[in-house]
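Read the structure below first, then the notes.
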């Protein structure tokens with residue numbers, strides 16, 4: 001059993017050994033949406049900057065140039081020469097020799113020529129450079145990604161978990177989604193999330209998602225056996241990350257714990273309890289839904305102890321405190337261990353969510 005499991009874990013396509021350009025389509029970094037007009041303005045700005053640099057170079061070396069009249073080049077001559085050179089335009093039998101003609105050429109003809117080239121070639125250039133831009137973004141992202149959250153599976157549980165994090169003001173750029181279904185990854189990318197296409201049971205896919213540098217990993221696949229295997233793989237490459245896993249059956253909880261999960265949520269039993277409670281006290285279910293929805297009403301949150309709260313009882317604070325996190329362990333209010341609040345404690349309390 002252990003041999004087959006080890007063989008499955010080691011079986012991979014070595015994604016992390018591939019060059020960055022080969023990861024385009026596997027790892028997708030969200031792009032900022034830019035209006036077409038703004039993109040054109042930016043391209044025109046680049047063209048003008050290149051033209052200005054060319055004029056500066058020609059003007060510095062103007063003694064090495066000579067016009068058809070045999071005279072020295074003026075600044076206007078340098079601008080004219082740079083303009084004609086950058087636009088790849090060659091004049092043969094028709095050559096503007098007066099300053100007014102050259103000025104009109106610089107001010108009118110050249111802008112029209114640049115505008116024409118942008119309209120004609122802009123879309124083609126954008127398509128040709130898309131792969132290069134994605135390669136650069138992937139390279140930069142892999143170099144700097146740290147302390148993010150990796151979500152395995154973008155099904156109902158994964159989407160709900162991400163919505164909760166976004167509701168708590170977690171930036172979308174700090175969430176990475178791993179899934180084998182490209183259609184759901186497209187939906188995740190539409191929310192500005194970083195996506196990785198592949199099976200999270202493979203260690204190289206998790207490494208591509210930066211799991212080794214992640215602060216937390218949420219395991220939310222559709223099958224319990226997949227959750228166990230993903231948790232085992234994630235714990236192997238991310239020994240310090242907080243791993244939270246969701247399963248359907250409580251009998252598999254010990255397998256998740258043994259695989260390295262810090263917290264295990266049994267989705268079917270939790271839903272069953274709420275269904276049972278709803279038959280007698282539906283208002284309790286409504287309040288639980290309210291507490292679990294961060295966007296409105298009330299929400300459960302965690303905060304540090306304020307200076308003037310040290311030494312006081314957690315039951316007498318202005319907030320409704322449910323528990324105290326001390327030395328990484330949750331102690332419920334009412335226990336003699338937390339009769340008074342200490343400096344390094346964190347409070348689990350109920351806060352009013354923004355409407």
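The values are calculated or read from the model by the stated rules, or taken from the named source; none is laboratory data. Here the structure is a predicted model, which is why all the values come from computation and not from measurement. We place every Cβ from the backbone using ideal geometry, glycine too, and count neighbours over all the protein chains shown.
Some observations on this one:
- Residues (part of a loop (DSSP other than H, G, I, E, B) and either modelled with pLDDT under 85 or in contact with a helix residue (DSSP H, G or I) (Cβ under 8 Å, 6 or more places away or on another chain) (or both)) located in segment 342-355: 345, 353, 354, 355
- Filter pass, residue 304 being closer than 25 Å to residue 225 by Cα and surrounded by fewer than 13 Cβ atoms within 10 Å (Cβ to Cβ): no
- Breaking point among (1) surrounded by 14 or more Cβ atoms within 10 Å (Cβ to Cβ); (2) over 29 Å from the mean Cα position of the chain (by Cα); (3) within 30 Å of residue 222 (Cβ to Cβ), for residue 260: (2)
- Residues in segment 253-285 that are over 20 Å from residue 151 (Cβ atoms) and in contact with a helix residue (DSSP H, G or I) (Cβ under 6 Å, 6 or more places away or on another chain): 7 in all.
- Residue selected from segment 195-226 under the condition part of a helix (DSSP H, G or I) and in contact (Cβ under 8 Å) with a residue 40 or more places away in the chain, by the criterion surrounded by the most Cβ atoms within 10 Å (Cβ to Cβ): 206
- Test: residue in segment 270-282 that is assigned to a loop (DSSP other than H, G, I, E, B), exposed (fewer than 14 other Cβ atoms within 10 Å of the Cβ) and modelled with pLDDT under 80: no
- Check on residue 150, assigned to a strand (DSSP E or B), closer than 23 Å to residue 233 by Cα and free of Cβ contacts under 8 Å to residues at least 40 places away in the same chain: no
- Exclusive hit being over 24 Å from residue 263 (Cα atoms) and touching a helix residue (DSSP H, G or I) at 6+ places or on another chain (Cβ under 9 Å), set 319, 308, 339: 339
- If you filter segment 154-194 down to residues that are assigned to a loop (DSSP other than H, G, I, E, B) and closer than 16 Å to residue 226 by Cα, you find that the one that is nearest to the chain's Cα centre (by Cα) is 154.
- Restricted to segment 234-253, and to residues there that are in a helix (DSSP H, G or I) and at pLDDT below 90, the residue that is farthest from the chain's Cα centre (by Cα) is 251.
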